[in-house]
Structure formats: structure tokens, C-alpha cells
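Structure record follows, encoded as C-alpha cells.
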Amino acid sequence: MGTDSRAAGALLARARTLHLQTGNLLNWGRLRKKCPSTHSEELRDCIQKTLNEWSSQISPDLVREFPDVLECSVSHAVEKINPDEREEMKVSAKLFIVGSNSSSSTRNAVDMACSVLGVAQLDSVIIASPPIEDGVNLSLEHLQPYWEELENLVQSKKIVAIGTSDLDKTQLEQLYQWAQVKPNSNQVNLASCCVMPPDLTAFAKQFDIQLLTHNDPKELLSEASFQEALQESIPDIQAHEWVPLWLLRYSVIVKSRGIIKSKGYILQAKRRGS
């Protein structure tokens, strides 16, 4: 582990960007924890295991190259969708903006998900509410730049349908009235409300917006938890220099049977000042 960690540390000290992808978690086998208790715990475990596996497989050529962009993955778990089976699959994703105030993160995440899965288009993308300062209420202005980028991706046929997460009736109505491409779904966290709010239900029914439930925490990945995972996996590194920009969680479901064929995480992080 020592030599692996030193090589990984040397690469991360020179790189500017880190792309981390877990591959299909259903292919992890021995790497998989039996039953992580929360989504945050599962994610952190996935980040550490992916970094550990990647570190153990670094080639001397890569160390000589010192690339600006590091592609970190669990090679045996990477699984593209068979083109002959694409029509039978529903490919869905949820995008979490973490440390980026750039709407281009949305396009980067979708492009990378398509590349990782070997598809031209995602069937559905839900965007989690972008991070805002404590004490500030989420407004349409916070959502607009990200939604505009999602609309561009729908128009360029990279995504079929787009949705939101944790919007109340007023927020959803404002977005719906402003948006060119309307949200087709809105996720509601049942930890914060055991029953769907009646005004939200009525509005969603009127405009044919699907209300879904989720149990993601408000902050699935914080800067601090990412840096801790990085430091534990690769001690020879200045982990505080690295900031996660976005995280995308995807799932591939066999439409006719409703079973999950593939699921995983993709994230992008940048070194401060680079």
C-alpha cells in the first residue's frame, strides 16, 4: 500500500482534475460492504475503495506522464450498456452540485455519464437543489443557470426528461412557469414530510408532474467528507487542496422487469488554484 500510495500521491500533487467513477457497484463483489446504513456512508465507502483499487493498479507509464486529468476507476467494474439492449433499458441519473458555481458542471456530468455507460442519451436526469448559504431560501435565481443547461441538453438530445428535487409548491410553480422545458418530476424527501403536501400534490396533478420520493440527506457529499476519504486512502497527499465539484449517481433498469442492472457514482474534483 505504501508504494501505491506514494505513486498516487505524486500524481495527485501534479494533476489539476480528478474524475472518479465506481463502475457498476453490482460488479464489486469482495469490495462491497455488506449493507451501508446510509447513502452518505455508501458513497464515502465507494470513494475510498475506488481510490484504493486505482492506487494499486497505477502503471509506471502513468507516473512518467503526470497527466493534468486523472481518471480513477475500478477497472473490473466498468460496464457499458450493450447497444443491442439499449432500448430495453431506462438510464436515470441524479446530479448533486457540490462545490461548483458553474452551470457547465451540468454538461460535464451528463457527458461523462454518457461516456461511462456507452450511451448517446440519458432517459432522465434529476438535479438536486444547488448548495446555498445557510439562512438563504432557495429561489428560482439559484436554479435558473443549471436548469438552462439541462434544457440545452434536452434540446441537443443528450437527455429525454428532466426533473427537480425538494421543491415546494411555490418553487415548483415558479420554475414551471419560467422554464422552456418543463420539469416532468419532483422528488420529495419523506424524512421531512411523512405525507405529500396537498398543494404540491394538486399542482403536480394539474400539470402532469410526477411526484417521487427519496431519502438522500440534504448534503450527500461535503467537501470535508470527500477530503477525509481522500486522505485515508492516500495519506501522501494534501487532501485539503482538493474540492469536489459535482457528483452524479446513475442507475440502469431493465424496463420490462423493473430490476436494476447497473448503478454507480461518478464525480469530478479540482485542485484549488488550478
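Residues that are among the hydrophobic types (A, V, I, L, M, F, W, C), out of contact with any Gly (no Cβ under 9 Å at 6 or more places or on another chain), at pLDDT 95 or above and closer than 18 Å to Y265 by Cβ do occur in the range 95-106, at least one of them. Selection of the range 233-252 for residues being farther than 30 Å from V119 by Cα, among the hydrophobic types (A, V, I, L, M, F, W, C) and outside any helix (DSSP H, G or I) yields I234, I237.
Within the range 1-53, the set of residues being outside any helix (DSSP H, G or I), at pLDDT 85 or above and not basic (K, R) comprises A15, T17, L18, H19, L20, Q21, T22, G23, N24. Only one entry in I132, I126, I81, I58 is closer than 28 Å to E151 by Cβ, crowded, with 16+ Cβ neighbours inside 10 Å and in contact with a helix residue (DSSP H, G or I) (Cβ under 7 Å, 6 or more places away or on another chain), namely I81.
Got a sec? Which of S233, S192 is within 23 Å of A93 (Cβ to Cβ) and hydroxyl-bearing (S, T, Y)? After applying the criteria, what remains is S192. Every listed requirement among (1) within 24 Å of S5 (Cβ to Cβ); (2) open to solvent by less than 70 Å² (accessible area, probe 1.4 Å); (3) in contact with a strand residue (DSSP E or B) (Cβ under 8 Å, 6 or more places away or on another chain) is met by K270 save one, (2).
Looking only at residues of the range 180-226 that are more than 26 Å from E42 (Cβ to Cβ) and under 21 Å from the mean Cα position of the chain (by Cα), we find that the one that is most open to solvent (accessible area, probe 1.4 Å) is N184.
The values are calculated or read from the model by the stated rules, or taken from the named source; none is laboratory data. Remember, predicted model here, so these are calculated numbers, not experimental data. No Cβ is skipped: glycine too gets one built from the backbone with ideal geometry, and neighbour counts run over all protein chains shown. The accessibility values were calculated without ligands, DNA or RNA, using every heavy atom of the protein model including side chains. Shrake-Rupley method; radii C 1.70, N 1.55, O 1.52, S 1.80 Å.
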